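Report on one structure; see the data block that follows.
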C-alpha cells in the first residue's frame, strides 16, 4: 500500500500518464486487440444458469483498465461474471469490473464504492466493462478519484447482458448483486458482508443507483450501506419521455423505450407496436452508443415510429411504466440527491416530489438543487461533492438532512 505522503505525487503521475496517452495512443488503436463483447465468450450467460444465490461469482479474469489508451497506474482490475435476477424474477448473469487500488484507505474496514456509469445504450460495446478496457469511459476521472481514496470500486454493467436500458428493476438488482460479488471476491481484499458500502451514479447511473437503494431493503438487506449519492435521477420515466419527445434529446425516448420493451417482452410486442420506420430506427439505434445516436435521432416524434397515436397510453405500457417508476419503496439511506433546476431532460418537479416522499418515509436526505448548471454540466461539476458526501459517511460522520 502507498502511504498518505505519496498521494499528491501519484495524482500528478497519473495525470501526466493520461495526458501522454491522449497524444501517443488513440482509443481506436487501444482497442485493436480487445474483442467486442458479442465476440467474447466471457459475456455469454451459462446455460443452464447454475442454482446459486444472487451475487455468486461465476467466473473471473484479470483485465487492464486504460485511460485514453494506456493502462491506469497503481490499480489491479478483474471482470466478474456473477449471478443476478432479471425483471421476471428468473436467474440471469451480469458482468462487472472490480478495481483495487494500491492506495491505503483512510478508514477501516476498507470501503467498497459501487459506481454506476450512465451507460444509456442498447449494445454491450457501450458497457463500462468494455469501454474501460479501451480507455474511452467518460466517467473514469470520477472513478479514479474514488480509487485515490483507497476505496475498492465495483462498476457493474447493470443493464445486463441484453443491454436493458431504462429498466429500473433490472438495473437495481444487477447493481446490488455486483456489490455482493465484489464482497465475496477474495482478490478484492474486502471484509465480506461487513464491508462498508457506498453507491454513486448520475443520470442513467443515478437511475441504477436509486433503484438499488429502493430495492436493497428487500432484495439484498444484508449489505452494510453507509450512504447513497445519486444525481440527475430519472424518477418518472413517463414524464421524461413526454418532456424530451420532439426535442434535442428525443433519442433517449426511443432508446429507453426499446430497452424497457426488451425487459418486458411478455407485455410489449415491438413487432406490432413499431411501424416499418420504427423497426428501421430500432435496428440502427440498437447498434450505437449514446454519443453516436443522440444527434441522428434528435428532434424526432415517437409517434412517427409507432402504429398507435401515443404509445404511452397503452394499458400494457402503463403497466410497465408503473413497474419502473421510483418512489414506491422506502430506500436504504442516508442519501445525497443532486439535480439541476435547469435540467432540460428530467423535470426538477419530479425529483422534488421523489425527495419529499423519501423524507416523509423517514429517510435522511441531503438535497442539492443546483442553479448554476444543466443536466450535462452537473454530471461533472456535481461529482466531487457526491464523493465528499460518501467520504464523510465512511468516516462515520452524522449524515446531514435538508428534509
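Computed from the coordinates by the stated procedures, all read-outs in this text should not be read as laboratory data. Predicted model only: the values in this text are computed from it and were never measured. Here Cβ is always computed from backbone atoms with ideal geometry, including for glycine, and neighbour counts include all displayed protein chains.
Computed values, structure above
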item: Evaluated over the stretch 238-323, the Cα radius of gyration and Dmax, each in Å; result: 11.9, 32
item: Overall form of the stretch 248-403 per C-alpha gyration tensor (a/c, 1.5; a/b vs b/c); result: prolate
item: On Cα atoms only, tilt of 276-285 relative to the major axis of the chain in degrees; result: 10
item: Structure-based [θ]222 nm, the chain - -39500 (n - 2.57) summed over DSSP H runs of at least 4, per residue, nearest 500; result: -11000 deg cm²/dmol
item: The chain: angle of helix 168-184 to the longest principal axis, Cα-based, in degrees nearest 10; result: 20
item: Average Cα contact separation per residue, the stretch 238-323, under 8 Å, 6 or more apart, as relative contact order %; result: 42
item: Residue of 176, 223, 164 that the Gaussian network model of the chain assigns the largest fluctuation, springs spanning Cα pairs under 10 Å; result: 223
item: Length released on extending from residue 162 to residue 342, taking residue separation times 0.36 nm less the Cα-Cα span; result: 61.5 nm
item: Residues residue 222 and residue 49, FRET efficiency given R0 of 25 Å [Cβ-Cβ distance, rounded to 0.05]; result: 0.70
item: Share antiparallel - DSSP beta bridges, the chain, percent rounded to 5; result: 50
item: Spin-label model distance (nm) - residue 352 vs residue 242, 7 Å beyond Cα toward Cβ; result: 1.6
item: FRET efficiency, residue 40 to residue 292 (Cβ-Cβ, R0 25 Å, nearest 0.05); result: 0.75
item: Inter-site label distance for residue 106 and residue 56 at 7 Å from Cα along Cβ, in nm; result: 4.0
item: Separation in nanometres of the label points that stand 7 Å from Cα toward Cβ, at residue 284 and residue 369; result: 4.0
item: Prolate/oblate/rounded call for the stretch 33-153, Cα gyration tensor, a/c under 1.5 rounded; result: oblate
item: Cα long-axis angle, helix 204-219 against the chain (0 to 90 degrees, to the nearest 10); result: 80
item: Value of Rg to Rh for the chain (Rh from inverse mean 1/r over Cα pairs, i.e. Kirkwood); result: 0.95
item: Ordering of 228-236, 68-76, 148-156, 330-338 by packing [mean C-beta count within 10 Å, highest first]; result: 228-236, 148-156, 330-338, 68-76
item: Rel. contact order, % - alpha carbon contacts under 8 angstrom, at least six apart, the chain; result: 15
